[in-house]
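Enquirer: Below you'll find the structure I mean.
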Amino acid sequence: MKSTVQAEKALLGCVLMEVGAARRVAQLIDADDFYRPGHKRIYQAVEEILTQGDTPDTVVLCKVLGNDIEMCGGHDYVLGLYGIETSTVNLDHYIAIVKDASNARKMELMCEKALADLKGIGYDGARAELEKGLLGVGESKTPWIDTATVLARGQQKEKFLIGIDKLDRYTQGLRTGLNLFAGGPGAGKSTLCLQICHKALKEGHDVCILCDDQDPDEQAKILWCQLAKKPEEELCEGEDWWIDHKTVTEYPIHWYDGRFTLPAVISEIRNKAAMGVKFFLVDSLQSITMRSKDYDWAKMEIVAKALKSVAKDLQIFLLVTCEFVKHDGKPTLSNLKGGTGVTHAAGQAWYLDAGDDDAVVPDGCTLVYKPVQICVLKNKMGGAGQGVTVNLNGSLHSFENV
């Protein structure tokens, strides 16, 4: 802990040197992040001074500390903090050290508590509390950026057209972030997301598929039909279809085979994004577990907000299928299962409505088509209107222009 204590002293020295540094630290560091109790009390005094609108120099600090100055190491120790650093150039470095050490201590305590809770609330309960705690571990990242950075980030956001002309004109394509695809069973949510993944693969991107709602081998067959542009029955003869037809295995598709808990899913998304992967499919939002009793609305808000945060932070295309509550008349965002938390988390939300229409078999053709209306419920790209109708080709497992 020696290096942590030294970083704490250097951080406090920066805080006492420049009020701008003190304000920056106040946005990122809490008093409980300090390991040494004396440093914690000093920082609490600094927060009090900033709250009053004053500058936290050593004179004001000693006055605010009063009799507590002895528990902080004495008058000479507090005054000596000012001379530790000659500039604030290493401020971010000290912030990171203090915050990382604090997070490590919090995680250690959470693990100890989870072990202690095993006897009382059982394995699932203890793991649920641990997962909730881990989601609350903070980051040492500045919350403020300037206008130029805001505008630059907007320009840097990648735009991805999915390859269906009619749909691209209507939606204006995808942007990085959380993209929800909602609809009833059989509407084609997974198929459309896989078709987007298919186009990403054809353009040279790696794709990660995290699926707990549908068997991965079924999704592999759908992707394979899209890549080969042939009906499934012509290609999938017998259980070892992938041995004779290598099309789908030639592309960099990564299939997730781990636990479908929120911390595990987010951890693996971060891991793959660090390796350069830009496209992720999570099927489905409701399948992600928290190992807690908060299954329905509260749980879904936590899951959606966490996915939004990781997608924004990593600047990835995160495609997530989402269940839709029954509705009468025009679908709205309120029909997204999970409440307002899910609604606010999505950068884009699309609704697929297969209706009650029967599938269509064109004259002289064995391919089965089903009309599906796709509406944009929320779209930061600007697409709006009554929606468009595209055909779901049941044999090729792909959407096409009508």
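The values are calculated or read from the model by the stated rules, or taken from the named source; none is laboratory data. As the structure is a prediction and not an experimental result, all values here were calculated from the model. Every residue, glycine as well, gets a Cβ built from its backbone with ideal geometry; the counts of neighbours run over all protein chains shown.
Enquirer: Do we have Y295 as buried (at least 20 other Cβ atoms within 10 Å of the Cβ) and either in contact with a strand residue (DSSP E or B) (Cβ under 7 Å, 6 or more places away or on another chain) or modelled with pLDDT under 75 (or both) here? Working first, answer last.
Expert: Numbers: buried (at least 20 other Cβ atoms within 10 Å of the Cβ): no; either in contact with a strand residue (DSSP E or B) (Cβ under 7 Å, 6 or more places away or on another chain) or modelled with pLDDT under 75 (or both): yes.
Spelling it out, it is not the case that Y295 is buried (at least 20 other Cβ atoms within 10 Å of the Cβ) and either in contact with a strand residue (DSSP E or B) (Cβ under 7 Å, 6 or more places away or on another chain) or modelled with pLDDT under 75 (or both).
Enquirer: For region 1-37: of the residues being modelled with pLDDT under 90 and among the polar types (S, T, N, Q), which is surrounded by the most Cβ atoms within 10 Å (Cβ to Cβ)?
Expert: Only one residue tops the list, namely T4.
Enquirer: How about region 250-281: which of its residues are part of a helix (DSSP H, G or I) and of a type in the set (V, I, T)?
Expert: V265, I266, I269
Enquirer: What tally of residues in region 73-82 results from selecting those that are of a type outside the set (V, I, T), free of Cβ contacts under 8 Å to residues at least 60 places away in the same chain and closer than 15 Å to P56 by Cα?
Expert: 2
Enquirer: List every residue pair whose Cβ atoms sit under 8 Å apart, with the two residues 6 or more apart in sequence or on different chains, where the first one lies in region 51-67 and is surrounded by 13 or more Cβ atoms within 10 Å (Cβ to Cβ) and the second, anywhere, is outside any helix (DSSP H, G or I).
Expert: V60/D54; L65/C72
Enquirer: Looking only at region 98-124, count every residue that is over 28 Å from the mean Cα position of the chain (by Cα) and buried (at least 16 other Cβ atoms within 10 Å of the Cβ) and tell me the total.
Expert: Total meeting the criteria: 1.
Enquirer: While we're here: Which ones in region 71-92 are surrounded by fewer than 13 Cβ atoms within 10 Å (Cβ to Cβ) and not aliphatic (A, V, I, L, M)?
Expert: Across region 71-92, the qualifying residues are G74, D76, G83, T86, S87.
Enquirer: Cβ-Cβ distance below 7 Å, separation of 6 or more or different chains: which pairs start in region 83-108 with a residue that is at positive phi and end on one that is charged (D, E, K, R)?
Expert: Nothing qualifies.
Enquirer: Here's something else I'd like to know. In the list I302, I316, I253, which residue meets the criterion of being at pLDDT below 85 and β-branched (V, I, T)? Before you say what the answer is, go through the steps one by one.
Expert: Numbers: I316 fails: at pLDDT below 85; I253 fails: at pLDDT below 85.
Just a single option satisfies the conditions, and that option is I302.
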